[in-house]
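Participant: One structure coming up, written as structure tokens, with questions to follow.
The values are calculated or read from the model by the stated rules, or taken from the named source; none is laboratory data. For clarity, every value in this text was computed on a predicted model and none was experimentally measured. Cβ: placed from backbone, ideal geometry, glycine included. Neighbour counts: every protein chain shown. For accessibility, only protein heavy atoms count, side chains too; no ligands or nucleic acids. Shrake-Rupley method; radii C 1.70, N 1.55, O 1.52, S 1.80 Å.
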Amino acid sequence: MVQQPSRQAICDLFVIGGGVNGCGIARDAAGRGLDVTLAEMNDLAGATSSASTKLFHGGLRYLEYFEFRLVRESLAERETLLTAMPHISWPMRFVLPYHKSMRFEGETPTSHLLKMIMPWMKGRRPAWLIRLGLFLYDHLGGRQLLPPTESVDLKNSPQGAPLADKFSKAYEYSDCWVDDSRLVALNARDAAARGAKIMLHTKVISAKRDGDLWVIETESAKDGARAIHRARMLVNAGGPWVGDILEGAIHSNSADRVRLVRGSHIVTRKLYDHDKCYFLQGQDGRIAFTIPYEQDFTLIGTTDEEHEGPSVKPVCTPAEQDYLLNFVNGYLKRQLTRDDIVWTYSGVRPLHDDGAKSATAATRDYVLKVDASGGAPLLNVFGGKITTYRRLAESALDEIAAFFPNLPGKWTAGVALPGGDFAVSEKPALTGQLRAEFPFLTEFWATRLMRAYGRDAWQILADATTPDQLGPDFGATLTGAEVRWLMRHEFARDAEDVVWRRSKLGLRMSAAEIAALEEWMKKAPDGTNAKVVAA
Ligand SMILES: Cc1cc2nc3c(=O)[nH]c(=O)nc-3n(C[C@H](O)[C@H](O)[C@H](O)COP(=O)(O)OP(=O)(O)OC[C@H]3O[C@@H](n4cnc5c(N)ncnc54)[C@H](O)[C@@H]3O)c2cc1C
């Protein structure tokens, strides 16, 4: 049966997509007083926004493509984001080992230029060029919290220990890490706290203009129930599905196209003892990272492969696994094999199709397109990065403001996400305080809670004095109290949501433990389709 909303149910903005861009726009718009509804067909961050490399970064390699606007905006944004979410993000140092055999990706503007002025380099990256790139990286976007680039003697430093003997010199620069799927959940939660209606497992199946309004039909994944919604403006933030939504649901003949580029990662047990990342340059001119991950693991990625279509589930193919293993084996003393891989994941970049030859070269910048030609306005979101999600939302609101006179101005830059209202430098002390007040927490447990929830860790632990007061122990320090919190405040509905997106405890929990969690969540008192309690 199709539910017809009453006249009062018309919202200002209807957002399709609960990835970082949809949730970022919903939060910003709700905070400016707009009546916002968001529909996500799966879980929050169920697609690309939980499958990234998880860096707030300027994108050192984009300098070779002369993408100065994107790099400058992203560099400046790192510290704004870090300040607003010091729990789920933190600074990281990146060690870039240098060897004279390192090559450019063949089609970058920089490599073309170098071929002309220094043909004898034959596509190799000279050290001075890397230094120049890092100088620009340090200075383009302003930098107050993050330390600058420095040279590292690999023969006499812990950074050199895991690397093959041929590497003696490296550069070390700063970027930041972020837990991408928690970023999305916290944006959705904050949007809800500011009045937005967040509908998960709700697919938009059609959207038609009716004069000044959009008439949007949704279908529930739970029971197939359909509903009609009316909105003054529609935002298509469908990520890899942005083109499908345009064609299939909206029946638009827009000329804009999305280019789907798959990127895969492998996860191994911790490869080295220090807490820094490596930025590795391959013989094919591409780059890859190794990143300390979830306290006991190392994350390695990524690949760049053309992807067939949004409905084809991205997986890290055996060929991609071997590619990544070979890539890092070119650097490491201890050679990795497939047996070292404990988990893989894969995501699809929804890039604006700028006609670039290779997947690696396609622009990572975002493009916003407004279509108001047929009546009620539509905003389509192409591309973008986790790093630029807040700026993208601000730019989207600039476009949206044209249709909602007297909208208040930008506000998100200085406002912390839930649980993140503390200074970046306070985190170690707060983690220590958490352990002091709840002495049953292990170091791993306290660190995990602080990195996931920040100050909200106190709400979750409440007045517990022993672990058994936190409800069932599901394994890997996951307790009933935490799961209940995730169901009540962060829209978690089933075990997958909890162990792969609200946390990464799936890396540590057994299949039987996850099944027990699933059973418990089905019966949880404040369980199914948990009502979100605005914090
Ligand atoms: C391998 C890889 C590595 C990356 N690394 C980084 C990085 O380190 N740093 C960085 O800044 N960026 C990175 N990115 C880029 C970043 O992850 C993406 O740009 C960003 O996540 C895109 O977010 P989105 O909201 O546009 O799309 P998505 O997260 O895919 O969200 C779109 C949502 O729309 C929903 N949807 C689609 N159709 C419908 C419908 N009809 N009804 C309802 N819902 C619908 C989908 O289910 C999906 O959840 C990386 C990307 C990849 C793939």
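Participant: Pop out the carbon and sulfur fraction of the accessible area of region 163-221 as a percent, whole number, probe 1.4 Å.
Facilitator: Details: 790 of 1860 Å².
That share works out to 42 percent.
Participant: Taking 8 Å as the Cα distance limit and 6 or more residues as the minimum spacing, I'd like the relative contact order of the chain as a percentage.
Facilitator: Working: 1086 pairs, mean separation 105.4, N = 535.
Relative contact order of the chain: 20 percent.
Participant: Just in region 413-477: which trypsin sites (Lys or Arg not before Pro) are loop by DSSP and have at most 15 other Cβ atoms within 10 Å?
Facilitator: On the way: sites: ARG435, ARG448, ARG451, ARG455; in loops: ARG455.
Those that pass, being in a loop and sparsely packed, number zero.
Participant: Hey, can you find the accessible area per residue of region 264-310 for me, probe 1.4 Å, expressed in square angstrom? Before the final figure, lay out the partial values.
Facilitator: Values: 1570 Å² over 47 residues.
Accessible area per residue: 34 Å².
Participant: Kirkwood hydrodynamic radius for the chain: how many Å is it when counted over pairs of different Cα atoms?
Facilitator: Details: mean 1/r = 0.0413 Å⁻¹.
The Cα-based Kirkwood calculation yields 24.2 Å.
Participant: Please name whichever of PHE438, LEU397, ALA524 sits farthest to the positive end of the charge dipole of the chain, dipole taken about the Cα centre and charges placed at Cβ: Lys and Arg +1, Asp and Glu -1.
Facilitator: Working it through, the farthest residue towards the positive pole turns out to be LEU397.
Participant: Can you tell me which of 263-269, 207-213, 283-289 comes out highest on packing, and rank the rest after it, using the mean Cβ neighbours within 10 Å?
Facilitator: Top to bottom by mean Cβ count within 10 Å: 263-269, 283-289, 207-213.
Participant: Rg to Rh for region 178-288: what is it, with Cα atoms only and Rh by Kirkwood? Don't skip to the end; give the middle numbers.
Facilitator: On the way: Rg = 20.1 Å, Rh = 18.2 Å.
When Rh is taken as the Kirkwood radius, the ratio is 1.11.
Participant: Quickly estimate the mean residue ellipticity at 222 nm for the chain, helices only: each DSSP H run with n ≥ 4 gives -39500 (n - 2.57), and the total goes over all residues, rounded to 500.
Facilitator: Numbers: 12 runs with 141 residues, N = 535.
Roughly -8000 deg cm²/dmol at 222 nm, from the helical runs in the chain.
Participant: Can I ask one more? For each pair in LYS54/LYS155; LYS100/LYS155; LYS333/LYS357; LYS169/LYS385, compute the distance between the two Cα atoms and list the pairs where it is over 28 Å.
Facilitator: Details: LYS54/LYS155 30 Å; LYS100/LYS155 17 Å; LYS333/LYS357 35 Å; LYS169/LYS385 31 Å.
With Cα atoms farther than 28 Å apart: LYS54/LYS155; LYS333/LYS357; LYS169/LYS385.
Participant: Could you report region 372-475's accessible area per residue, 1.4 Å probe, as an integer in Å²?
Facilitator: Working: 4430 Å² over 104 residues.
So region 372-475 comes to 43 Å² accessible per residue, rounded to a whole number.
Participant: Filter the trypsin sites (Lys or Arg not before Pro) in region 320-409 down to the DSSP loop ones having no more than 13 other Cβ atoms within 10 Å, then list what survives.
Facilitator: Of the trypsin sites (Lys or Arg not before Pro), the ones in loops of region 320-409 whose Cβ has at most 13 other Cβ atoms within 10 Å are LYS333, ARG334, LYS357.
Participant: Please work out the average accessible area per residue across region 147-195, using the 1.4 Å probe convention, and give it in Å².
Facilitator: 33 Å²
Participant: What does DSSP give for the chain in terms of the percent of beta bridges that are antiparallel, rounded to the nearest 5? Display every interim value, and only then the final one.
Facilitator: Working: 66 of 85 bridges.
Here the share of antiparallel DSSP bridges comes out near 80 percent.
Participant: Relative contact order of region 1-98, please, whole-number percent, based on alpha carbon pairs below 8 angstrom and at least 6 residues apart. Please report the intermediate quantities before stating the final value.
Facilitator: Numbers: 73 pairs, mean separation 18.7, N = 98.
So the answer I get is 19 percent.
Participant: Okay, next question. How much of the accessible area of region 396-490, in percent, comes from carbon and sulfur atoms when a 1.4 Å probe is used? Show your work: numbers first, answer last.
Facilitator: Working: 2250 of 4240 Å².
That share works out to 53 percent.
Participant: Note the full-extension length gain between PHE66 and LEU407 as 0.36 nm times their separation in residues minus their Cα-Cα distance, in nm to one decimal. Walk me through the numbers on the way to the answer.
Facilitator: Values: separation 341, 0.36 × 341 = 122.76 nm, distance 3.49 nm.
Difference between extended and current length: 119.3 nm.
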